[in-house]
Amino acid sequence: MPPLDKRIKKFLKNSIRVAPKISNKGELAELRSGLVSQYPQTRKDAIKKTIQQMTLGKDVSSLFPDVLKNIATNDVEQKKLVYLYVMNYAETHPELCILAVNTFVTDAQDPNPLIRCMSIRTMSMIRVDKILEYVEIPLRRTLQDDNPYVRKTAVICVAKLFQLNKELCIELGVLEDLVCALDDNNPMVVANATASLSEINAMDPTVVSLLDLIQSHVSQFLLALNECTEWARITILGALAEYTARDCVEAQEIIDRVTAHLQHVNPAVVLSSVKVIIKNLVQIEPESKRIVMTKLSSALVSIMSTPPEMQYVALRNIRIILEKYPTLLTKEARIFYVKFNDPLYVKLEKIDILVRLVDPTNLKQCSVLMRELKEYAMEFEPEFVSRAIQGLAQLAIKCGDVKFVSKTFEILLDLLESQEALKNDCCIAVCDLLRHAVGNEKLATDACQLLSTWPVNETLLLSDSAKCNYVWLMGQYPNKFDELQDKLLCFIENFVEEEPLTQTSILVTVVRLHSKLPGSVLQNVLELATNQIQELDVRDMAIIYWRCLSMPNSDQLIAELCSSVSPQIENTLHTFTSDVLEKLLTEISSVSSIYFKPQFDGPRGAVRHHNVVRGRHIDELKDLAKNELARKANDDVLLDFDDDEEDLVSPRSSMAGGRAQSHMDDLDTLFDFGTSSSSQNNGNDNIDKGVADLNLGQAEQQQNQQQQTQTQSKINSNTQDLLDLF
Amino acid sequence: MVSAVYFCDGKGRPILSRRYRDDIPISAIDKFAPLLLQLEEESSVIPPCLSHDGIQYLFIQHNDLYVVALATSLATNVAQVFAFLHKLMEVLEEYLKSVEEESVRDNFIIIYELLDEMMDYGIPQITETKMLKQYITQKSFKLMKAVKKSKAAPRPPTEVTNSVSWRAPNIVHKKNEAFLDIVESINMLMNQQGQVLRSEIIGQIKVKSKLSGMPDLKLGINDKGIFSKYVEGDSDPVTTAVTEGKKKTNIELEDLKFHQCVRLSKFENEKIITFIPPDGAFELMNYRLSMPVKPLIWCDVNVQVHSQSRIEIHCRARAQIKKRSIANSVEILIPVPDDADTPSFKYTHGSVKWVPQKNAILWKIRSFTGGKEYSMSAQMGLPSINALDKPKVKRPVQIKFQIPYFTTSGIQVRYLKITEPKLLYKSYPWVRYITQSGDDYTIKLNN
């Protein structure tokens, strides 16, 4: 035993913590002296402090060599800290990491699996080509490691490497190892390998044929499902959802194996299982379908008792599923009743689902829902109330029963009278109901009686679509309005300031009523619309009318136009076109399913390329790093360092990504348009309606085409679409 | 897949981040706060996902934090992301006790380490706290004592990647016990006349296991669908407090959800609940029941508003439960207009106070015996000037309570069989039942 004083000295040396004093000025210097301190505790504290400063946004990259010195230690905790620091700078200062490469390679052989993982994980993140070359041997070795914890990390590193340097990754042949990992006996390795492969496939679909791999591993996947963690299950279920079963027997088998997971506590596992089941549901025998549907419905319902974000995801997906299987949740309506402490975004989705899942032939259910919606309409949050009123109209139209419609109508009129703030929404809803109940004079009279009492000034109706509807109503039932002319003139006066929907509506109404109005009004409006309006749809519409009026048989044509009756609206719920629906069903629980925008089909564009430091010799890089540090050390006041950085690195090609995005947007707008034009009777699509009202005969088509050539320079896809409607 | 996870403060400014893949610009997160603000200005509907410039901002709120996951691809599994973020909060809570801006700022290192371990390249990995605690031993600043560190360098336990990834072997307890808590939360909406508009029971079976080795447990409950054949004499049958006076009928549970330790395929095929439990406390399963329930605690609330002078509230509360049962910590929250003031109360039991932050009166009764009825009346002044255009806020009366030794659904544990193949110890299962109010036990007030 050493003498007491020596022991005390040793004790002091090991345990004294000389915490670096943080003053505002010499902070870096202080940290640096802490990092090279002879006391291990102090060094560790200094690293922690450095990481803390780094998190707070300070540039501590000049301390890199000092921190790095601490990596050679037996203390795993300290090593981890250094790795945390290195990892953070791997992205912004890749060239600095060169200095650590030797340590990485050594650590990749450390007996402790934790350290092997850290080294390989960090190494595959550093964007320097030369480092990537050093990755080869450690990566190969760790891919074959005895420890599954290391293997599951290594398989992911292959995807990281692929993202950084595709050519190298292919050249090294680690992709083959990755494919082999699909047959690993550890389910977590299998799951991570699957995830890794699908990442690679998303970056470049030509390298591995993911679908074939999934196909040949379906049975392994089904086996692994019961054995692995919740996240691994999600990955594997995701892969299974890509697979199309050969026949109904196999589809049934997959469903049987997957349904058990509908009872997992993790809602993401549940949704992934739902996705697999929906995919296979089309193939199985109708009689077994019923049982599966019951299980599906109870699984979806159960997500309604999870956090609101999850509920939101579920509700958006339920909306997609309901369009394919409308009766799926009919019995579960009460689960979707709004709770007073639901966040607003959940409340609105719930109303949508409630109206959709209701069975229109079940009057009792419809009435129960109507009462519920009426309650909502008397709440206080404006968006919620507005949605509830819209829901009432949608429900009535969906139900279609004459008595039910008039009952709803009364409710709406009551609301209209009771609350000033609801006028906009009630006006729209009432007009929608009238469009449905074509020819029901009583309803029309009641509505007009109430609405025509409003003095027409702008404060009453605020929203564009409410005004549009009001003007439409005047055009439809001119005889039921008092002081019709004054009211209409008041709108015409503000024609130029109005928004497009109202403008089109005014245009249609004025044409319809031209015989009841002073002769100049029509000309006046058409002139305004053609000369002063920038909105192409409105202008084109005016030009079309103008043309019609100047045709030889214009009187007859206009008379025909005015006497036309618009078709009855059967449904005001928005629907997807069938191909959008099918696509969305395969994308359940993805981000695209929340936005209802199917993913872009082709390759996902080039992966955004990163500032890989390429083509330099390793020594050169080391010099570079050293210079970098030397320069910084001189600069005590740390200047903005990023500008220099940009010269070093090849520019990020955000262009490529941007382009892919715009493609996507194009596609999205296309889809949007597709849906709105196909569902003419969608409540707000008044342009379409207006055009449909016109009921133009075949003879005019040529006219229009001629028209089109004249204004071709201005015509956008929008008008194109309008014309297609004729 | 997730590109980065950010912890942001209440205004959306980043505090801490972990970037998993560098396919998004570092500045992307700076857009989050303005996006949020812009949305808030436009309307009060704020969905938990924002999209800007091809980047998806998926976020949850936790205390005063926004936890944001950034993703680029529309193919990202959004359910997984939200589930992960919630799980992350759960794990951090076990490390830091409470996760809020301050505790995040104090614990950068441990959060970095956990983020590193729980997700790799945007793919969730190991999230089981009990396993993480074995090798993420960084001291965190929290109210609890730090985990005692072993001398040997921490290594990932081999079990994390096994099929039983939630339990370490070689666990030893002196006394082998398992505690079952059956908690039923009642959600109910009533109107002022006492009519139940809707009700549901959300049940949880929580287990606290203090068992050595690798025990295999088998749970039998009186559910119709669940196979509850029980081999006599194999282990002690559990007696329950609810059996008396009730017929041993089987009930039907809906939406059963199980902890990942339950063998789901076994349940699917044979309707037997079997599992190897994690050590310590966890939620074994939950269920939902939509049978009609009569109000357990009923309040007859009468509100009279004399506009521009005062508001009077009369409330009679009745415990409609068995005489022998007692409802504990009953809280009745009655909304009052936000401009009411100068309260005066009359009451026989408990305590009443005005909570201006919530614009409500809170009546607390510590223990409420079945069959009893208490009453309370309150009077508050209203300002003589009325703001007319203010929208009238309609809030319901909220009630909270706990009733021990009682389940509403009548669910019973028939047996809990514990077998440890190697150690063959004697073990003691304990069962407790409790019924409490859910987060939506409310009485709707008429106008």
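Side notes on the structure shown:
- Top-ranked residue in region B:200-233 [being out of contact with any Ser or Thr (no Cβ under 9 Å at 6 or more places or on another chain) and β-branched (Val, Ile, Thr); ranked as modelled with the lowest pLDDT]: B:Val231
- A:Lys347 of a type in the set (Lys, Arg) and over 27 Å from the mean Cα position of the chain (by Cα): no
- Residues in region B:262-277 that are crowded, with 21+ Cβ neighbours inside 10 Å and part of a loop (DSSP other than H, G, I, E, B): B:Pro277 alone.
- Residue, farthest from A:Gln390 (Cα to Cα), within region A:347-379, restricted to residues that are of a type outside the set (D, E, K, R) and facing another protein chain (nearest Cβ under 9 Å): A:Met378
- Only residues that are open to solvent by less than 50 Å² (accessible area, probe 1.4 Å), within 14 Å of chain A (Cβ to nearest Cβ) and either of a type outside the set (Lys, Arg) or over 25 Å from B:Glu200 (Cβ atoms) (or both) were counted across region B:278-321, and they come to 9.
- Total residues in region B:86-95, condition more than 10 Å from every other protein chain (Cβ to nearest Cβ) and either open to solvent by 10 Å² or more (accessible area, probe 1.4 Å) or touching a Cys at 6+ places or on another chain (Cβ under 6 Å) (or both): 3
- Of the residues making up region A:307-318, none is modelled with pLDDT under 90, open to solvent by less than 40 Å² (accessible area, probe 1.4 Å) and either among the small types (Gly, Ala, Ser) or assigned to a helix (DSSP H, G or I) (or both).
A quick yes/no check of all residues on (1) modelled with pLDDT of 90 or more; (2) surrounded by 22 or more Cβ atoms within 10 Å (Cβ to Cβ):
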| site | (1), (2) |
| --- | --- |
| B:Pro25 | no, no |
| B:Ala33 | yes, no |
| B:Gln56 | yes, yes |
| B:Phe59 | yes, yes |
| B:Leu70 | yes, yes |
| B:Gln80 | yes, yes |
| B:Phe84 | yes, yes |
| B:Lys97 | no, no |
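- Hey, B:Leu416 within 14 Å of chain A (Cβ to nearest Cβ) and surrounded by 14 or more Cβ atoms within 10 Å (Cβ to Cβ) or not: no
- Unmet requirement for A:Phe596, which otherwise passes all of (1) within 14 Å of chain B (Cβ to nearest Cβ); (2) within 30 Å of A:Asn440 (Cβ to Cβ); (3) of a type in the set (Phe, Trp, Tyr): (2)
- Residue within region A:115-132 that is open to solvent by 20 Å² or more (accessible area, probe 1.4 Å) and at pLDDT 85 or above present: yes
- The lone exception for A:Val86 - which of (1) within 20 Å of B:Arg18 (Cβ to Cβ); (2) surrounded by fewer than 23 Cβ atoms within 10 Å (Cβ to Cβ) it fails: (2)
- Filtered residues of region A:424-446 (kept if within 39 Å of the chain's Cα centre (by Cα) and either of a type in the set (D, E, K, R) or surrounded by fewer than 16 Cβ atoms within 10 Å (Cβ to Cβ) (or both)): A:Asp425, A:Asp432, A:Arg435, A:Val438
- Among (1) at pLDDT below 75; (2) crowded, with 16+ Cβ neighbours inside 10 Å - the single one A:Arg614 does not satisfy: (2)
- For A:Glu199, the stated conditions hold: it is closer than 30 Å to A:Pro94 by Cβ, within 14 Å of another protein chain (Cβ to nearest Cβ) and open to solvent by 10 Å² or more (accessible area, probe 1.4 Å).
- Of the helices (runs of 4 or more DSSP H) lying entirely inside region A:62-115, those carrying at least 1 residues that are within 17 Å of A:Arg32 (Cα to Cα) are A:64-69, A:76-92.
Let's see how each residue does on (1) open to solvent by 30 Å² or more (accessible area, probe 1.4 Å); (2) under 27 Å from B:Val45 (Cβ atoms):
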site	(1), (2)
A:Ile397	no, yes
A:Asp414	yes, yes
A:Leu422	no, yes
A:Cys448	no, no
A:Leu451	no, no
A:Tyr470	no, yes
A:Tyr477	yes, no
A:Lys480	yes, no
A:Gln485	yes, no
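- Among the numbered conditions (1) closer than 22 Å to B:Leu189 by Cβ; (2) touching an Asp or Glu at 6+ places or on another chain (Cβ under 7 Å); (3) within 14 Å of chain B (Cβ to nearest Cβ), the only one that A:Arg319 does not meet is (1).
- If the condition is being of a type in the set (A, V, I, L, M, F, W, C), more than 12 Å from every other protein chain (Cβ to nearest Cβ) and open to solvent by less than 20 Å² (accessible area, probe 1.4 Å), then region A:89-113 contributes A:Leu96, A:Cys97, A:Ile98, A:Ala100, A:Val101, A:Phe104, A:Ala108.
- Subset of region B:102-116 [more than 10 Å from chain A (Cβ to nearest Cβ) and open to solvent by 50 Å² or more (accessible area, probe 1.4 Å)]: B:Glu102
- Filtered by the rule that a residue be open to solvent by less than 40 Å² (accessible area, probe 1.4 Å), within 12 Å of another protein chain (Cβ to nearest Cβ) and in a helix (DSSP H, G or I), region A:322-340 gives A:Glu332, A:Ala333, A:Ile335, A:Phe336.
- A:Val276 crowded, with 21+ Cβ neighbours inside 10 Å and at the interface with another protein chain (Cβ under 10 Å from one of its Cβ atoms): no
- Residue tally, condition under 23 Å from A:Asp359 (Cβ atoms) and touching a Phe, Trp or Tyr at 6+ places or on another chain (Cβ under 8 Å), over region A:304-314: 1
- Lone qualifier among A:Lys44, A:Lys58 - being surrounded by fewer than 24 Cβ atoms within 10 Å (Cβ to Cβ) and in contact with a helix residue (DSSP H, G or I) (Cβ under 7 Å, 6 or more places away or on another chain): A:Lys44
The values are calculated or read from the model by the stated rules, or taken from the named source; none is laboratory data. Quantities reported herein were computed from a predicted structural model and do not represent experimental measurements. Every residue, glycine among them, receives a Cβ derived from its backbone with ideal geometry; neighbour counts consider all protein chains shown. Each accessible area value is taken on the protein alone, full model and side chains, heavy atoms only, with ligands, DNA and RNA left out. Shrake-Rupley method; radii C 1.70, N 1.55, O 1.52, S 1.80 Å.
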